[in-house]
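One structure is given below, encoded as structure tokens.
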Amino acid sequence: MPELKHYTAPATGLRQLQELLPDAYSLQGCPGHRLQRRWLDSFDLRLEQAGLRCQLQQEGGVSELLLISREDGKVLAASSVAGPPLLARDLPEGPLRDLLEPLLEVRALLEQADLETRVTPARICDRRGKTVARIQLETPFGEGLPSFLTLTPLRGYRKQARRIDRRLRRAEGVEVLAGELLDTLLQWRGYCLYRPPAGLSGVVLEPEMAANEALARLLLGLLAVMKANEAGILADLDSEFLHDFRVSLRRSRSLLGQVRGVFEERDLNRFGRELAWLAGATSDKRDFDVFLLQFDQRASLIGRGDRPALEPLRRYLEQQRTLAQGRLRRTLESRRYARFRQAWREWLEQQAAQPARPPTALESFSENTWRVYRKVLREGGAIDDSSPVEALHELRKSCKKLRYLMEAGRSLYPPKRIRRAIAELKLLQDTLGAITDLDVQRSLLLRWEQVLAKRGIPEETIAAIEALRGVLGRQERKARKRFARTFERFSERANRKRYRRLFRS
């Protein structure tokens with residue numbers, strides 16, 4: 001793949017451009033045209049964080065998607081496309097899709113910036129008339145931005161391209177635009193890419209900070225994440241917008257309920273009711289999202305010949321997902337939600353500005369985290385092979401509350417110690433998640449099977465759903481066998497000592 005190089009352009013036409021090149025090369029002009037560039041990335045800028053840029057180029061009715069190294073401008077993969085793809089799985093099979101899918105997963109590609117230019121292209125030919133590179137003079141439309149050159153080496157002529165590059169670098173008035181073009185474009189325009197709110201990680205607490213201020217700041221950070229994801233939820237761009245919204249919602253409910261002795265009880269009840277209402281109003285859509293995302297993987301668990309019989313279930317879930325999206329939209333556009341969000345923000349801002357009062361952030365988080373940790377030990381220690389699955393669900397909820405407290409207050413504790421404590425908890429959560437998620441999906445399948453049976457779906461579909469429920473049941477029992485070993489590790493003496501040093505010293 002070529003390495004695209006960009007330069008400032010003192011030339012205004014091919015004649016001036018010819019004077020910048022070595023004597024051994026000549027220019028052969030081509031018809032001019034318009035070029036539309038759009039830079040795409042996920043909402044959370046996953047490609048940017050990986051040092052990549054995804055650029056959609058549209059010219060003359062042809063669209064091409066390029067994946068470019070931000071560092072050196074090298075094109076890593078490219079593919080012709082019909083238009084802007086929403087998800088990586090929408091791309092044709094090939095190297096570009098193979099590179100993008102692991103990075104983006106289920107996140108949509110969204111436009112981050114665009115640039116339209118008038119292009120004067122030319123072929124750079126050697127004395128034998130062979131084309132060794134392509135160069136184009138580009139003039140942006142309507143923004144007062146400077147013109148620039150784009151040099152594209154051709155395969156087999158890298159030596160010649162390097163010679164041309166060296167000559168351009170020495171030419172008067174020419175400067176190399178380092179890296180990928182978007183960096184220069186953002187600099188010219190004087191702005192940067194939008195970055196979503198950081199949530200809890202963007203709030204640094206001090207040990208002596210008042211607990212009311214600390215908790216209010218954390219909750220304001222979570223509210224900012226929820227607000228930032230609203231537009232993506234309403235447009236149904238990808239499932240992660242709702243997922244991130246709900247994670248921040250759960251964290252808010254947990255912090256409000258678990259950090260005791262900080263806020264007035266009547267305020268906790270007032271906002272707790274609204275947060276619970278919002279959690280219930282957003283759950284159906286998420287259930288359908290999760291199952292549909294995993295549908296093909298789940299279907300692969302039953303016999304190949306039985307898989308087509310699950311298609312009526314897929315169609316039903318897609319229909320129900322559409323209905324759930326409509327209900328979700330009405331919730332987020334409702335007066336109740338607007339009033340709640342405004343009142344919640346104003347109240348949190350008031351709490352953050354209140355005079356300092358006991359306890360401190362360190363005292364409050366340590367006391368409450370230790371209390372929830374002890375609850376996890378009690379609940380987990382009471383579970384054996386005969387315990388109902390509901391006990392594991394309750395333990396998972398307690399583990400989530402513990403995790404949310406630890407992550408919210410992690411800046412109060414030594415980084416290595418708190419990171420290790422969270423890692424040990426995550427191992428337990430992973431095991432519990434495998435058990436309870438399988439149980440939930442089996443229950444949902446039973447409910448959907450009963451609905452579809454009343455609608456008169458074919459017997460083979462009922463049989464396929466039953467077969468899938470059976471496979472998930474066996475996986476659940478297998479996962480449950482791992483619980484005792486995982487909980488034993490979490491509750492061992494060394495880990496108890498680790499938690500005690502963090503939260504009781």
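What are the equivalent ellipsoid semi-axes of segment 95-179, built from the alpha-carbon gyration tensor (square roots of five times its eigenvalues), in whole angstrom, biggest first? Please report the intermediate quantities before stating the final value.
Details: eigenvalues 173, 88, 32 Å².
Working through the eigenvalues yields semi-axes of 29, 21, 13 Å.
For the chain, what does -39500 (n - 2.57) per DSSP helix run (n ≥ 4), summed and divided by total residues, give at 222 nm, in deg cm²/dmol to the nearest 500? Write out the running numbers ahead of the final one.
On the way: 17 runs with 285 residues, N = 505.
Dividing the helical sum by the residues of the chain leaves -19000 deg cm²/dmol.
What residues qualify as long-range amide H neighbours of Ala113, i.e. H under 5 Å apart, gap of 5 or more or another chain, H built at 1.01 Å from N?
Counting only residues 5 or more places away or on other chains, the set is Trp39.
Which of Leu91, Leu249, Gly456 sits farthest toward the positive end of the charge dipole of the chain, with +1 on the Cβ of Lys and Arg and -1 on the Cβ of Asp and Glu?
Leu249
Taking 37 °C and 0.692 mPa s as the conditions, I'd like the Stokes-Einstein D for segment 431-480 in µm²/s, using the Kirkwood hydrodynamic radius from alpha carbon pairs.
291
Note the angle between two axes, namely the Cα long axis of helix 265-293 and the longest principal axis of the Cα atoms of the chain, as a number of degrees from 0 to 90, rounded to the nearest 10.
Compared with the principal axis, the helix lies near 60 degrees.
Just want the answer: with Cβ charges of +1 for Lys and Arg and -1 for Asp and Glu, which residue in Pro10, Ser63, Ser443 is farthest toward the dipole's positive end in the chain?
Ser443
Between segment 151-176 and segment 112-136, how far is it from one alpha carbon centroid to the other, in angstrom?
Spelled out, the Cα-based centre of one part sits 12 Å from the other.
Thr139: net charge of surrounding residues, Cβ under 14 Å, Lys/Arg +1, Asp/Glu -1, itself excluded? Numbers along the way, then the final one.
On the way: positive: Arg34, Arg37, Arg118; negative: Glu116, Glu138, Glu143.
Taking every other residue near Thr139 into account, the sum is 0.
Let me check I've understood the local charge: for Ala235, count other residues with C-beta under 14 angstrom from its C-beta, Lys and Arg +1, Asp and Glu -1. What total comes out?
Numbers: positive: Arg107, Lys285, Arg329; negative: Glu111, Glu230, Asp236, Asp238, Glu240, Glu333.
Around Ala235, the surrounding residues sum to -3.
Measuring from label point to label point, each 7 Å out along Cα→Cβ, what is the Tyr191 to Glu206 span in nm?
Once both label points are built, they end up 3.5 nm from each other.
For a quick check: sort Thr360, Thr184, Thr131 by the number of other beta carbons within 10 angstrom, fewest at the front. Show your work: numbers first, answer last.
Values: Thr360 20, Thr184 17, Thr131 13.
Sorted ascending by nearby Cβ count, the order is Thr131, Thr184, Thr360.
Which value, in debye to the nearest 20, gives the size of the charge dipole of the chain about its Cα centre, when Lys and Arg are +1 and Asp and Glu are -1 at the Cβ? Numbers along the way, then the final one.
On the way: 91 positive and 67 negative charges, 307 e Å.
For this selection, approximately 1480 debye.
Kindly give the semi-axes, whole Å and largest first, of the ellipsoid equivalent to the chain, taking each as the square root of 5 times a Cα gyration tensor eigenvalue.
Values: eigenvalues 537, 196, 100 Å².
In descending order the semi-axes read 52, 31, 22 Å.
Just from the alpha-carbon atoms, what are the Rg and Dmax of segment 1-54 in angstroms?
16.8, 48
Using a basic spin-label model with each label point 7 Å from the Cα along Cα→Cβ, how many nm lie between Leu446 and Glu59?
About 6.2 nm separates the two model spin labels.
I want the antiparallel fraction of DSSP beta bridges within the chain, as a percent rounded to 5. Mind showing how you got there, number by number?
Values: 55 of 55 bridges.
About 100 percent, rounded to the nearest 5.
Expected output is a single nm value to one decimal: the length gained when fully extending between Trp347 and Arg167, i.e. 0.36 nm times separation in residues minus the C-alpha distance. What is it?
Values: separation 180, 0.36 × 180 = 64.80 nm, distance 6.34 nm.
Extra length from Trp347 to Arg167 when fully extended: 58.5 nm.
If I take every Cα pair under 8 Å that is 6 or more residues apart in segment 5-189, average their sequence separation and divide by the length, what percent do I get for the relative contact order? Write out the running numbers ahead of the final one.
Working: 361 pairs, mean separation 54.4, N = 185.
Reported as a whole number, the value is 29 percent.
Within 10 Å of each residue's Cβ, count the other Cβ atoms and sort Asp385, Asp244 from fewest upward.
Details: Asp385 8, Asp244 20.
Going from sparsest to densest Cβ surroundings: Asp385, Asp244.
Exposure proxy check: Val204, Val176 ranked by fewest other beta carbons within 10 Å? Could you put the intermediate results ahead of the total?
Numbers: Val204 11, Val176 14.
The most exposed by this proxy come first: Val204, Val176.
Each value in this text was obtained by applying a stated rule to the coordinates, not by laboratory testing. Since the structure is predicted, the reported quantities are computational estimates derived from the model, not experimental observations. Methodologically, a virtual Cβ is constructed for each residue, glycine included, from the backbone with ideal geometry; neighbour enumeration extends over all protein chains shown.
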